[in-house]
Amino acid sequence: MIRVLGKGLTAQAIKEEYEDVVLYDDSDFNTYDKQSNEITVVSPGIPPNNKMVKNSNNIISDYDLIYKEMPFSIWISGTNGKTTTTQMCQHILKDKNSVCGGNIGTPVSKLNKESKIWILETSSFTFHYTKYAKPNLYLLLPISDDHVSWHGSFEEYEKAKLKPLYMMEESEIAIVPEKYKDINTVCHLITYKDSDDLCEKFDIDKTQINFKEPFLLDALLALAAKKIIFDEVDYETINTYKVDEHKVEEFKDKKNRLWVNDSKATNIDATINAIVPYKEKRIYLILGGDDKGANLELLFEFIKDLDIEIYAIGSNSNKLEKLAEKFSIKFYGCKILKEAIKKISTKHDLEAVAMLSPAAASLDQYTSYKERGKEFKEFVLGLSLL
């Protein structure tokens, strides 16, 4: 028998693909056999302090369950950009019979085992529970403060992201930020400082790539993956990739003023990366939501010398106000998105940029970052009606 903790997409996929699978959630704890040594797969969203996890003996991840059937695999992780990098990899490798899934799209249990390459967006949650599975090629984007409430500390979060490096073999390759150049691993380690460094190491001409930061780094990692496996730099295909909505998405209102929908920025690193291209402009920045216990001081250190004003929404508004006061940044408490947009509109002009880049999750006020981003665009485009 296979026991699965959770009843979401990952759990349902396992139940459909394997025989004798029983799903559990917290409501089943009274009937849960705490002495069992049966294989217990923990769904990625369930934290280590969950009472069923603490009372399980033979815990693995869904990656471990499928590992022996896994073809050549590329795993992609990091704090920001992993979804885009995964999608870009799939975009330029689909002609090589690849499929993508994992943390996005299709759970690993449902991926086509006849495919030549699996491209897996992999979360720190999955890494935490993984004991056996490992990638053949690991692409690691920069790591910054996130999911502290789940892992207990940034150190544990970072440790989870680095876990594959200790499990990989000599013949396998990892591309990681330079910060981790001294890590104790036997795999072939390639480190990078920034996009220019990646270009130099893989002989890539960034002038032939139609993306600017933060998407340039994602594109370069995807191009590097294809070059490693097939010795090709596929500029033509990468340039046909379309970035998802709600990621540093520029648009203009009826007065031709620039707004940026970056609702997918759910942590400080994403917000910092989104701000970089606009650093020379006056910035009206909408921040706030559920910050998952993250330390936001690094964001305020970054923006304190910019021409910037903060318009706060969501459950961490008081925390943001205290930080704005500490760093002497002009602050407006707006609570809800509509009020923030109305206040910004009274000042915004053709020389400035107004951004929704919250550095926080949306679940305190919305069902998803997509709903938050959609509402933002609707309010901005309907400004004359507000």
If you take the alpha carbon radius of gyration of the chain and divide it by 2.2 N^0.38 Å, what ratio comes out, to two decimals?
1.03
In the range 235-327, which GluC sites (Glu not before Pro) are in a loop and have at most 12 other Cβ atoms within 10 Å, using DSSP for the loop call?
E280
Average accessible area per residue (Å²) across the range 127-240 - probe 1.4 Å, nucleic acids and ligands excluded
46 Å²
Can you give the local net charge around K377? Use residues other than it whose beta-carbon is closer than 9 angstrom to its beta-carbon, Lys and Arg +1, Asp and Glu -1.
-3
Greater than 23 Å separation of Cα atoms is the criterion. Which listed pairs, K7/K335; K161/K212; K254/K322; K212/K335; K134/K206; K292/K335, meet it?
K7/K335; K161/K212; K254/K322; K212/K335; K134/K206
In degrees, nearest 10, the alpha-carbon axis of helix 215-230 is tilted away from the dominant principal axis of the alpha carbons of the chain by 30 degrees
FRET efficiency (E16, D305; Cβ distance; R0 56 Å; to 0.05) is 0.55
Rounded, prolate or oblate, given the Cα gyration tensor of the range 25-84, with a/c below 1.5 counting as rounded?
oblate
Largest to smallest accessible area among H188, H151 [probe 1.4 Å]:
H188, H151
Can you give the accessible area per residue of the range 265-322, in Å², using a 1.4 Å probe?
38 Å²
Karplus couplings for the range 281-295 from phi (6.51 cos²θ - 1.76 cosθ + 1.60, θ = phi - 60°), rounded to Hz, Gly and Pro as x?
9, 6, 10, 9, 10, 8, 10, x, x, 9, 8, 6, x, 6, 7
Highest-fluctuation residue, S144, S36, S61 considered, GNM on the chain with Cα pairs under 10 Å:
S36
When the chain is treated as a GNM, springs tying every alpha-carbon pair under 10 Å, which of E114, E170, E375 comes out with the largest mean-square fluctuation?
E170
Accessible surface ranking that places the most exposed of D269, D203 first, with a 1.4 angstrom probe
D203, D269
What does the accessible area of C100 come to, in Å² to the nearest 10, when a probe of 1.4 Å is used?
40 Å²
Accessible surface of R257 - all protein chains present, 1.4 Å probe, nearest 10 Å²:
10 Å²
Between helix 82-93 and the chain: long-axis angle, C-alpha atoms, 0 to 90°, nearest 10:
70 degrees
MRE, 222 nm, helices only [DSSP H, n ≥ 4, -39500 (n - 2.57), over the chain, to nearest 500]
-9500 deg cm²/dmol
Mind ranking K94, K15 by accessible surface for me, highest first, 1.4 Å probe?
K94, K15
The chain: most fluctuating residue of S109, S368, S123 per GNM, C-alpha cutoff 10 Å:
S368
Of the accessible area of the chain, computed with a 1.4 Å probe and all protein chains kept, carbon and sulfur make up a percent value of 47 percent
Once both labels are modelled 7 Å past Cα along the beta-carbon direction, what's the K212-V276 spacing in nm?
1.2 nm
Karplus-derived 3J(HN,Hα), 6.51/-1.76/1.60, for each residue of the range 155-167, Hz, glycine and proline x
4, 5, 4, 5, 4, 5, 5, 8, 3, x, 4, 7, 10
Over the chain, calculate the relative contact order: mean separation of alpha carbon pairs under 8 Å at least 6 apart, over the residue count, as a percent.
12 percent
Probe 1.4 Å, all chains present, heavy atoms only: K319 accessible area in Å², nearest 10, is 80 Å²
Using the structure shown, select from K94/K227; K94/K370; K68/K247 the pairs with a Cα to Cα distance greater than 24 angstrom.
K94/K370; K68/K247
Report relative contact order for the range 287-386 in percent, whole number only (criteria: Cα-Cα under 8 Å, sequence separation at least 6).
33 percent
Farthest towards the positive end of the dipole of the chain, among N50, G314, A13 and with Cβ unit charges of +1 on Lys and Arg and -1 on Asp and Glu, lies the Cα of G314
Check which residues have an amide H placed less than 5 Å from G102's amide H, if you skip close sequence neighbours.
V108
Report the calculated FRET efficiency for K179 and K319 (r = Cβ-Cβ distance, R0 = 35 Å), to the nearest 0.05.
0.80
Once the piece of chain linking K252 and N239 is laid out straight, how much longer is it, given 0.36 nm per residue of separation minus the C-alpha distance between them?
2.3 nm
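The values are calculated or read from the model by the stated rules, or taken from the named source; none is laboratory data. Since the model is a prediction, treat every value here as computed from it, not as a measurement. Glycine also receives a Cβ, built like all others from the backbone with ideal geometry; neighbour counts cover every protein chain displayed. Side chains included, ligands, DNA and RNA excluded: accessible areas come from the protein's heavy atoms. Shrake-Rupley method; radii C 1.70, N 1.55, O 1.52, S 1.80 Å.
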